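To keep things clear, I will list the structure first and then write my remarks on it.
Read-outs throughout are calculated quantities, based only on the coordinates presented, and are distinct from any laboratory measurement. The shown structure was predicted, so the numbers you read here are calculated from the model rather than taken from an experiment. Using ideal geometry, Cβ is built from the backbone for each residue, glycine included, and neighbour counts are taken over all protein chains shown.
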Amino acid sequence: MPTYRARVYTGNLSPGAFAGTDANVYITLYGRERSSDELMLDNAANNFEQGAVDTFALHLAELGDLQRVRIRHDNKNPFPGWYLDRVELRNEDTDQEWTFPCYRWLARDEDDGEIERMLDSA
C-alpha cells in the first residue's frame with residue numbers, strides 16, 4: 001500500500017487578510033485507476049495558517065496517475081474562510097509528483113462563496 005505525501009500550501013496574503021482556516025479540511029484523490037475515500041486532514045496544532053505548508057502522510061491503495069483532487073472544509077469553527085495556494089502530492093513508492101494549483105478562496109464570504117474546489121493536475 002503506497003504512501004502519498006500531501007503538502008498543502010495556504011496562501012500568504014496581505015496582513016489582516018486571515019488566509020488561514022480553523023475549519024476541518026477534507027481531501028479526495030482521483031487517480032487513473034481509482035479514487036480514494038474522503039480523508040480528513042488533521043487540523044491539530046494550528047494547521048492551515050497563513051503562509052504555512054502542512055504535510056500529511058496518506059496511506060492508500062494504488063490510485064494510478066493522479067488526475068485531480070477535491071478539497072473542501074466544513075465551514076465550522078471561528079474564521080473558516082481559507083485561501084488555498086496549491087496542493088502537492090507525491091507517491092513515496094514511485095517518487096511520482098503532482099501539483100494541483102488553486103489560488104482561490106474556499107469561503108462563504110469571499111470569491112464565489114464556495115467551500116469546495118476540484119483541482120486538476122498542472
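Backbone geometry of region 50-62 corresponds, through the Karplus equation with coefficients 6.51, -1.76 and 1.60 at θ = phi - 60°, to 3J(HN,Hα) couplings of 3, x, 8, 10, 10, 10, 9, 9, 10, 9, 9, 5, 4 Hz, x marking Gly and Pro.
So for region 3-117, considering every pair of alpha-carbon atoms, how many percent are separated by more than 16 Å? Show your work: numbers first, answer last.
Values: 3713 of 6555 pairs.
For region 3-117, the share of Cα pairs beyond 16 Å comes to 57 percent.
Compared with the alpha-carbon gap, the fully stretched path from A52 to Y26 is longer by 7.7 nm at 0.36 nm per residue.
What ranking do 107-118, 86-97 get when scored by the average of other Cβ atoms within 10 Å per residue, highest first?
The packing order, highest mean first, is 86-97, 107-118.
Can you work out the FRET efficiency for the pair A61 and M118, with r the C-beta to C-beta distance and R0 = 22 Å, to the nearest 0.05? It would help to have the intermediate numbers written out before the result.
Values: r = 21 Å, r/R0 = 0.96.
E(calc), rounded to 0.05, equals 0.55.
Once you reduce region 65-94 and region 1-51 to the center of their Cα atoms, the two points are 4 Å from each other.
Spin-label pair Q96-E33: with each label point 7 Å from Cα along the Cα-Cβ axis, the two points sit 0.8 nm from one another. In order along region 81-97, phi translates into HN-Hα couplings of x, 9, 9, 8, 7, 6, 10, 10, 10, 9, 7, 5, 7, 9, 6, 6, 10 Hz, rounded to whole numbers, per the Karplus curve 6.51 cos²θ - 1.76 cosθ + 1.60 with θ = phi - 60° and x for Gly and Pro. Among 65-72, 50-57, the peptide with the highest mean count of other Cβ atoms within 10 Å heads the list, and the full ranking is 65-72, 50-57.
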